[in-house]
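Notes follow the structure.
The values are calculated or read from the model by the stated rules, or taken from the named source; none is laboratory data. The shown structure was predicted, so the numbers you read here are calculated from the model rather than taken from an experiment. Methodologically, a virtual Cβ is constructed for each residue, glycine included, from the backbone with ideal geometry; neighbour enumeration extends over all protein chains shown. When the accessible area is computed, the model is the full protein with side chains, heavy atoms only, and any ligands, DNA or RNA have been set aside. Shrake-Rupley method; radii C 1.70, N 1.55, O 1.52, S 1.80 Å.
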Amino acid sequence: MQTLLLWLFYISTFYAFIPGMISRIFGYRVFRKGIGRTDYGLTFDDGPDPHYTPLLLDLLKRYGAKATFFVVGSHAEKHPEIIKRMHDEGHLIGIHNYVHKTNWLMRPATVRRQIQRTDDIIYGITGERSTYYRPPWGIVNLFDFSKRRQVQIVLWSAMFGDWKAKLGAQRLTDKLIAKLNPGEVMLLHDCGTTLGADPDAPEHMLIALERMLQEAERRGLRSIRIDEMIKAVQSSPIQRLSFGKRLIVGLWLAWEQLFQLLFQIKTISPADPFLHYRLRKYQGNTVQMDNGELLSKGDKIIELHIDNRQLFELGVHARSSAQLAIRMIRKMEKDLPVLAERIAGDVELAEAKALYGVSLLNRGPEKFGFMVLDLPSGLFASSTKFYLSILLSVIHPSGGARLKVRSEVLVPKMMLMPVSQLLDQMNQQRPQKPVKQRERVREEEGVSLEAELQGATVVH
C-alpha cells in the first residue's frame, strides 16, 4: 500500500505539479503578461452568471473596457444570451473546461473532451471558434503543453482572492489599484457558485472594479483583450532573442519585483514607470558636490533606480546607442520635474542631501546637472560591473559586440546631484518643517508673557 501511494505521488508530481511550477515561474508555453505601455488585461473566470455577468458587461461598456471571459461550458450552455452579448460587445471568449474541475484529476483524453465540448458550445452561439484556454485554478498538466498548437494557454500575472466575500470591496480596491500597471493580466471572477467561492463575492468585485476603472481612466490606461496583448508580444523584438537571453531577462525582471518589495521602492510615475527611488543613508567616501556641499557617510540620499522592464524595452527597440540614449534622456526629462515636485511636498524626502545612482549607461547625465564619478575600487565596483555587463549584452542594440569594442569605457559610475540643485532647476522650494505642538504652545506662552510684561506697571 505504501509503495502504491508513493508511485501515485511520483506520477502526480510528474503529471501536474512540476509542469504547473514550470509554467508559473518561467511562463513556459503559456501567456501570462503583456508588454504594452498603456494597456492591461481584465480576465474573468467561471461565468457566465445570470445575475452578475450582465452587471459586469454594463460596467465594462460604461468605461469602454474590453475583457476576456474564460467561460465554463455548462454555464454557457444554460445562458447563451449572455455569451452572445459578450461577443456582440467586442469581448473575447475563452474556454475554462465544460465543468470546473482541475486537470490534475482528469486524464488527457477527458481534458480534451472538456475543451472541445465548450468550444462547440461557444461556436454554436457566436459562430466563432475559441483558441484561448485557461485551465481551472491555472493547473496545467504534462499533456496541456502538447496542446499548444490547438489552444493558447492563458494564465495571469495578478490574482486577488476576489472569490471570498470577506475580502470586502475596499481591500479588493486597494489590491486592484496596487497592481494596476501596463502589461498586467488581472484575474477576477464573475460567478460565485464554484466550489470554495462565496455566492455574493462578485458583488464586492463589481464595486472594486469600478473604482479601479476610474483610476485607470485617470492614468490613461485601458483594458484590452488577451488576443491583442499576445499579438503585441509576438511582434516585439523580444521574441527574436534566444531562450538563454529571455531567461536572463526573466530572472532580472523577477529580481526587480522582489527588490522593490523588500526595500519599499517607490515609483515616480506609476502610469509610465521609468524612475524608482528610495530614501536611505549614504555609505561611500566623502564627496564634495558641485555646489560645495560635502556628502558624507550617514547623510540621507535619494537613491534612483531605472525600471528594468522599461530599460529592456527601450534597448531592444532602439536601432543604435544614440537612439537608446535619446529615449532615456526623454524619460528623465519627464520624471525629474515630478520628482522635484514630490520632494517639495515631502519634508522627509527634502532632508536628503543628494540624488544618487550607479549605472553603466552614464553618458549624458551631466545634461541634468549630475556629477559622474568613479566608484571606489573594490568588491562592490567589480561585482556591479560584472552584473551590469551581462545585462548590457542583452539589452544593448549592439548586444555582446558592445562589450568587445571600447570595453574600457564600460565602467559603472556613480552619479550625484544635490537635492537643492534639482529643486532650483525645477523652480521648487524645500518644504518647511512643521512646528511640533509642544514647541508651538511654548511659543504662544512666550508671546503671552511678553505682552503681559510690556503692559505691567512697576510700583516703588
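Mind checking whether some residue in the range 296-310 is assigned to a loop (DSSP other than H, G, I, E, B) and of a type in the set (A, V, I, L, M, F, W, C)?
no
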remark   = Per the filter on the range 98-143, residues part of a loop (DSSP other than H, G, I, E, B) and more than 24 Å from Glu228 (Cβ to Cβ) are Tyr98, Val99, His100, Lys101, Thr102, Met106, Arg107, Ile139, Asn141, Leu142, Phe143
task = Could you tell me which numbered condition Gln239 fails, if it satisfies all but one of (1) loosely packed, with under 13 Cβ neighbours inside 10 Å; (2) in contact with a Leu (Cβ under 8 Å, 6 or more places away or on another chain)?
result = (2)
query = Is it the case that some residue within the range 66-73 is among the β-branched types (Val, Ile, Thr), open to solvent by less than 30 Å² (accessible area, probe 1.4 Å), in a helix (DSSP H, G or I) and within 15 Å of Thr194 (Cα to Cα)?
reply = no
Number of positions in the range 103-130 that are open to solvent by 20 Å² or more (accessible area, probe 1.4 Å), in contact (Cβ under 8 Å) with a residue 40 or more places away in the chain and either of a type in the set (Val, Ile, Thr) or at positive phi (or both) = 3
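Does the range 194-209 include one or more residues that are of a type in the set (Ser, Thr, Tyr), in contact (Cβ under 8 Å) with a residue 60 or more places away in the chain and touching a His at 6+ places or on another chain (Cβ under 7 Å)?
Yes, the range 194-209 contains at least one residue that is of a type in the set (Ser, Thr, Tyr), in contact (Cβ under 8 Å) with a residue 60 or more places away in the chain and touching a His at 6+ places or on another chain (Cβ under 7 Å).
For the structure I just gave you, tell me whether Ala354 is in contact with a strand residue (DSSP E or B) (Cβ under 6 Å, 6 or more places away or on another chain) and open to solvent by less than 30 Å² (accessible area, probe 1.4 Å).
Working: in contact with a strand residue (DSSP E or B) (Cβ under 6 Å, 6 or more places away or on another chain): yes; open to solvent by less than 30 Å² (accessible area, probe 1.4 Å): yes.
For Ala354, the condition - in contact with a strand residue (DSSP E or B) (Cβ under 6 Å, 6 or more places away or on another chain) and open to solvent by less than 30 Å² (accessible area, probe 1.4 Å) - is met.
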query = Quick one: Ala16 ticks every box in (1) modelled with pLDDT under 95; (2) in contact with a Phe, Trp or Tyr (Cβ under 9 Å, 6 or more places away or on another chain); (3) hydrophobic (A, V, I, L, M, F, W, C); (4) not in a helix (DSSP H, G or I) bar one, so which box is it?
reply = (4)
message = Test of understanding: among Glu256, Glu228, which residue is open to solvent by 60 Å² or more (accessible area, probe 1.4 Å) and either touching a residue at least 12 places away in the same chain (Cβ under 8 Å) or among the acidic types (Asp, Glu) (or both)?
response = Glu228
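Is there a residue in the range 231-254 that is among the hydroxyl-bearing types (Ser, Thr, Tyr), modelled with pLDDT of 95 or more and under 24 Å from Tyr133 (Cα atoms)? Reasoning before the result, please.
Of all residues in the range 231-254, those among the hydroxyl-bearing types (Ser, Thr, Tyr) come to 235-236, 242.
With modelled with pLDDT of 95 or more added as a condition, the list becomes none.
No, that holds for no residue.
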ask   = Can you pull out the residues in the range 53-69 that are of a type in the set (S, T, N, Q) and more than 15 Å from Arg222 (Cβ to Cβ)?
value = Thr53
remark   = If you go through Glu303, Glu256, Glu228, Glu215, the only one that is more than 30 Å from Glu348 (Cα to Cα) and not aromatic (Phe, Trp, Tyr) is Glu228
